[in-house]
1. Output the residues belonging to region 232-250 that are open to solvent by less than 10 Å² (accessible area, probe 1.4 Å), among the aliphatic types (A, V, I, L, M) and either within 30 Å of residue 389 (Cβ to Cβ) or free of Cβ contacts under 8 Å to residues at least 40 places away in the same chain (or both).
2. Scanning region 212-231 for residues that are part of a loop (DSSP other than H, G, I, E, B) and modelled with pLDDT of 90 or more, which turns out farthest from residue 384 (Cα to Cα)?
3. Exactly one of (1) open to solvent by 10 Å² or more (accessible area, probe 1.4 Å); (2) over 17 Å from the mean Cα position of the chain (by Cα); (3) within 24 Å of residue 54 (Cβ to Cβ); (4) not hydroxyl-bearing (Ser, Thr, Tyr) is unmet by residue 334. Its number?
4. Residues 161, 122, 173: which one is under 15 Å from residue 53 (Cβ atoms), open to solvent by 10 Å² or more (accessible area, probe 1.4 Å) and modelled with pLDDT under 80?
5. Considering region 401-419 alone, what residues qualify as being under 13 Å from residue 348 (Cβ atoms), open to solvent by 30 Å² or more (accessible area, probe 1.4 Å) and at pLDDT 85 or above?
6. Any residue that is open to solvent by less than 10 Å² (accessible area, probe 1.4 Å) and farther than 22 Å from residue 311 by Cβ - is there at least one of those in region 367-374?
7. Does residue 196 satisfy being open to solvent by 50 Å² or more (accessible area, probe 1.4 Å), more than 27 Å from residue 288 (Cα to Cα) and among the basic types (Lys, Arg)?
8. Is there any pair with a first residue in region 64-82 that is within 14 Å of residue 196 (Cα to Cα) and open to solvent by 30 Å² or more (accessible area, probe 1.4 Å) and a second that is in a loop (DSSP other than H, G, I, E, B) and small (Gly, Ala, Ser) whose Cβ atoms are under 8 Å apart and which are 6 or more apart or on different chains, and what are they?
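The values are calculated or read from the model by the stated rules, or taken from the named source; none is laboratory data. Source: prediction; values computed, not measured. Note that each Cβ is placed from the backbone with ideal geometry, even for glycine, and that neighbours are counted across all protein chains shown. Heavy atoms of the whole protein, side chains included, go into the accessibility calculation; ligands, DNA and RNA do not. Shrake-Rupley method; radii C 1.70, N 1.55, O 1.52, S 1.80 Å.
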Amino acid sequence: MPFVGTAALDHAREDPLMPTASTPVSADTSATTDEPAGLPLFSLVVLAAMGFVLVATETMPAGLLPQIADGLHTGEGTVGLLISAYALGTVVATVPAITLTRGMPRKQLLVLGIVGLVVATAVTAASPVVWVALLSRFVAGAFSGTIWGMLAAYGRQISPADRAGVALSIVSAGAPVGFAFGTPLGSWLGATSGWRWSFIGLAAIGVVVLVLVLLVVPNAAPAPAGTRLSLGRVFRIPGIAVILAVIATWMIGHNTIYTYASPYLRAGGSGLGVDVMLLVYGVASIGGIVVTGALLDRHPRPLLHGSVLLFIVAGVVLLLGHASVPVVVVAAVLWGLAFGGSSAQLQAALTTAGGDNADVANAFLPVAFNIAIFLAGIVGAALLAQTTGLVLPVVMIGFGVVAFALTLLGRRNAFPKTL
């Protein structure tokens, strides 16, 4: 049974939407896993590696636009749709897939998801024409969303309750590593050996992760049937909607400047390369994961407030110090520290609020993220058509302020004092 925090238990007593099944809630994972109590470090690292694969797979085309366009005899604008197709697959399929598979053992579902992702990625690598690549990317996004929807709850379920924050931080570390190193490495491999080898490499890493999952990751039982709420009732659990709103607004503020970092640097006049700036951000974001791992179990709410405030500060520094290389680098470090742990912090909030329905609650997360990515692209493109890249830190600050206000609004139900 998934871990249920004190806030979730309060919901069960106070809110009619929460199940009141007689099945006891226990932090003991030995009844639902194949591994004795204790932090399953290697298993969590394997799950983090899966997160790395998911992020690298989603963003890979961004670093290979000219090569893919040439190989598939189409334009770069069309190739950019490979990212959109992946995001669309995630948005369309994640919640229904998680909902329909709630009775399936978690390891079985994870293995099925990885197999589907690997096959779809291999099809992308072998695509003779662009429509095949687009279709395979849609399918890959669907399997990716299913995996994302269960990773956080899975990692927490196979770990001791008092180490839940550390477990989530380890599992979530794969995402910033993927942003920092996955796409640049894939771009380098595609430029030197051909774009198809980048996707073949991702499929190969996926196979390695699949083997490790089969060998070392303990199984986790699905939530008891009597505790499973419908999709609509999970969404109405107190706190879930506020957490999703924080995810969406914070992600729009982040992704708008992340996607259009080049126009910002060009308008700022610092001369710093976008590859250097994003690398600094990526490395610093790993530091954000470390900080989150150290504080999430004991101080989740102050950690979240501090992260969003630091994100706003980073935006202010990017706005005021746009012409100075050292200042922009410092801002990138602050940005990475602030946003690097966001996934773990928000997944922890969803998992605690969702209780026995944490799998469905977490299924909303990749949907919210990908909708925000889509909207960030539109917002950024619209603004850059009217003004310069210096408007992007303003967007970062504005959405950061909204996200912070939402964290204050959700103090009672969405963001408890302890997990």
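1. Across region 232-250, the qualifying residues are 246, 247.
2. Residues of region 212-231 part of a loop (DSSP other than H, G, I, E, B): 217-224, 228-230.
Those left that are additionally modelled with pLDDT of 90 or more: 217-218.
On the way: 217: 46, 218: 48 Å.
Checked region 212-231; the qualifying residue farthest from residue 384 (Cα to Cα) is 218.
3. (3)
4. Details: 161 fails: under 15 Å from residue 53 (Cβ atoms); 122 fails: modelled with pLDDT under 80.
Within the list 161, 122, 173, the selection yields 173.
5. Those that are under 13 Å from residue 348 (Cβ atoms), open to solvent by 30 Å² or more (accessible area, probe 1.4 Å) and at pLDDT 85 or above: none in region 401-419.
6. no
7. Values: open to solvent by 50 Å² or more (accessible area, probe 1.4 Å): yes; more than 27 Å from residue 288 (Cα to Cα): yes; among the basic types (Lys, Arg): yes.
When the stated conditions are applied, residue 196 passes them.
8. 67/194
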